[in-house]
Amino acid sequence: MIIVAKKSIKDLKDTEIKGKKILVRVDFNVPLDAKQNITSDKRIQAALPTIEYLIKKGGRIILVSHLGRPKGEKKPELSLAPVAKRLGELLKKEVKMLPDCVGDQVKAEVDKMKDGDVVLLENVRFHKEETKNDPEFAKKLATLAELFVSDAFGTVHRAHASTVGVAAYLPAVSGFLIQKELDIMGKALSDPARPFVAIIGGAKISSKIGVLKNLLDKVDTLIIAGGMAYTFFKARGIEVGKSLVEDDQIPEAKEILKKAIDVGVPILLPIDHVVADKFAEDANVQVVPRTTIDAGWLGVDIGPDTVAKFKNAIMKAKTIIWNGPMGVFEMDKFAKGTIEIAKIVAAATEKGAISIIGGGDSAAAIKKAGLTNKMTHISTGGGASLEFMEGKELPGIACLQDK
Ligand code: AMP
């Protein structure tokens with residue numbers, strides 16, 4: 001059982017499995033190269049605990065996932081066939097790839113399954129009804145099975161046929177990946193070990209306003225950096241040159257700065273910057289040891305004094321949430337601040353803090369620094385983890401059965 005807000009959700013351990021046909025929504029949206037080779041099987045690995053448990057308990061496992069954005073069209077280059085092959089290697093058993101996810105042929109194949117068998121349905125987004133959460137399509141998917149297990153944390157913030165729609169027709173429970181994500185993040189938000197420090201970076205302030213507001217009620221210190229920090233500087237009347245600013249978000253930034261004062265939570269912003277004269281790797285670059293940025297320059301990374309200031313707060317933390325890079329980390333020249341913060345979060349984790357990383361960019365930066373295994377938890381869902389931290393109801397969780 002998992003407790004999310006006031007809802008307690010039924011999970012696999014509460015459910016009879018033997019002999020049942022079980023539709024399992026997994027997130028097999030893996031990165032592929034031009035030859036359809038899987039370049040990271042992290043998402044397949046993340047689904048293994050649920051799949052292995054269901055095999056052991058004698059379920060008949062029907063896996064369903066999307067891959068990429070085929071937009072309702074059958075695109076051979078977005079077939080899940082390479083995933084079936086890789087999953088078979090990991091499970092050391094046959095994973096039969098089916099030609100579609102609904103229809104008579106699929107139904108006939110499913111009816112032939114024996115206890116412990118695993119099949120993978122073809123990319124559910126080959127049907128445009130999936131993302132529209134079409135009830136008829138959801139019903140067709142649901143008729144394949146007797147139980148629905150939701151384990152695709154990366155898509156629980158989307159109300160699609162295979163994440164939400166099917167739950168209207170089948171008993172619906174959560175798998176172990178969702179359970180783990182919600183347990184770790186739920187605990188951090190409801191009963192964190194303190195001090196609790198959130199580090200929010202990245203470019204798009206508009207997508208993170210809700211998170212910042214919600215976190216202000218929970219954290220002891222809020223660190224804001226990356227491109228979105230400049231909107232906060234502008235809100236304070238500080239010159240930021242040609243740095244990224246979302247002008248329409250200035251009122252929201254002001255409101256957050258005011259709320260921080262009201263609730264007595266310090267917001268830490270950068271105190272120095274790495275600036276460039278253009279948004280390119282071959283730009284002229286300098287470190288400015290102050291908050292203001294001259295005309296003609298844009299902030300692309302945090303400076304060394306900022307790293308030291310953030311370090312001071314992070315090393316005292318017992319709970320750390322990190323979402324979004326400190327600078328334009330995709331360009332090596334501007335990756336230093338983000339890499340340094342990754343090292344500091346790893347060091348704090350070693351000292352006993354719980355570190356939770358949300359968002360693909362932060363996870364990529366941590367991977368770049370070779371620190372993936374040093375963090376407590378790297379969420380498998382960027383958007384979903386943000387919405388969870390925002391305190392929003394996730395439709396793919398809300399549709400699951402109460403215990
Ligand atoms: P987001 O999707 O909002 O988490 O933003 C991630 C993106 O923010 C990454 O692609 C970074 O390159 C970008 N970013 C971080 N810092 C800056 C900055 N100072 N100026 C422009 N973009 C930035």
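Some values worked out for this structure:
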| item | result |
| --- | --- |
| Test: residue in segment 147-160 that is farther than 30 Å from Lys392 by Cα, outside any helix (DSSP H, G or I), touching a residue at least 60 places away in the same chain (Cβ under 8 Å) and among the small types (Gly, Ala, Ser) | no |
| Any chance Ser355 is closer than 20 Å to Val156 by Cβ, touching a residue at least 12 places away in the same chain (Cβ under 8 Å) and not in a loop (DSSP other than H, G, I, E, B) | no |
| Residue match in segment 214-221 (condition: farther than 20 Å from Ser379 by Cβ and in contact with a Ser or Thr (Cβ under 6 Å, 6 or more places away or on another chain)) | no |
| Members of segment 263-287 that are within 13 Å of the ligand (Cβ to nearest atom), in a strand (DSSP E or B) and without any contact (Cβ under 8 Å) to a residue 40 or more places away in the chain | His273, Val275 |
| Single condition Thr376 does not satisfy, out of (1) on the phi > 0 side of the Ramachandran plot; (2) away from the ligand (no atom under 16 Å from the Cβ) | (1) |
| Inter-residue pairs, beta-carbon under 7 Å, first over 17 Å from Gly391 (Cα atoms) and in segment 216-234, second away from the ligand (no atom under 16 Å from the Cβ) and among the charged types (D, E, K, R), 6+ apart | Asp220/Arg194 |
| Subset of segment 191-207 [part of a helix (DSSP H, G or I) and in contact (Cβ under 8 Å) with a residue 60 or more places away in the chain] | Ser207 |
| Enumerated helices (runs of 4 or more DSSP H) restricted to segment 35-144, each holding at least 2 residues that are out of contact with any Phe, Trp or Tyr (no Cβ under 9 Å at 6 or more places or on another chain) and farther than 19 Å from Leu170 by Cα | 42-56, 81-91, 104-111 |
| Flag for Met331 being in contact (Cβ under 8 Å) with a residue 24 or more places away in the chain and closer than 29 Å to Gly237 by Cβ | no |
| All positions within segment 214-239 that are within 16 Å of the ligand (Cβ to nearest atom), of a type outside the set (A, V, I, L, M) and at negative phi | Gly227, Tyr230, Thr231, Phe232, Phe233, Lys234, Glu239 |
| Options Glu393, Glu330; residue that is part of a loop (DSSP other than H, G, I, E, B), surrounded by fewer than 18 Cβ atoms within 10 Å (Cβ to Cβ) and within 16 Å of the ligand (Cβ to nearest atom) | Glu330 |
| When residues of segment 203-214 are limited to those that are crowded, with 23+ Cβ neighbours inside 10 Å and not β-branched (Val, Ile, Thr), the one nearest to Ala363 (Cα to Cα) | Lys208 |
| Gly227 being in the same structural domain as Ser362 (by TED's automatic domain parsing), surrounded by 15 or more Cβ atoms within 10 Å (Cβ to Cβ) and modelled with pLDDT of 95 or more | yes |
| Residue count for segment 304-327, restricted to those that are within 13 Å of the ligand (Cβ to nearest atom) and closer than 23 Å to Glu281 by Cα | 5 |
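Per-residue answers, yes or no, for (1) in a helix (DSSP H, G or I); (2) crowded, with 22+ Cβ neighbours inside 10 Å; (3) not aliphatic (A, V, I, L, M):
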site: Ser162; (1), (2), (3): no, yes, yes
site: Val166; (1), (2), (3): yes, yes, no
site: Leu177; (1), (2), (3): yes, yes, no
site: Lys218; (1), (2), (3): no, no, yes
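The values are calculated or read from the model by the stated rules, or taken from the named source; none is laboratory data. Worth saying up front: this structure is predicted, and the values here are computed from it rather than measured. Neighbour counts run over all protein chains shown; Cβ positions are idealised from the backbone, glycine included.
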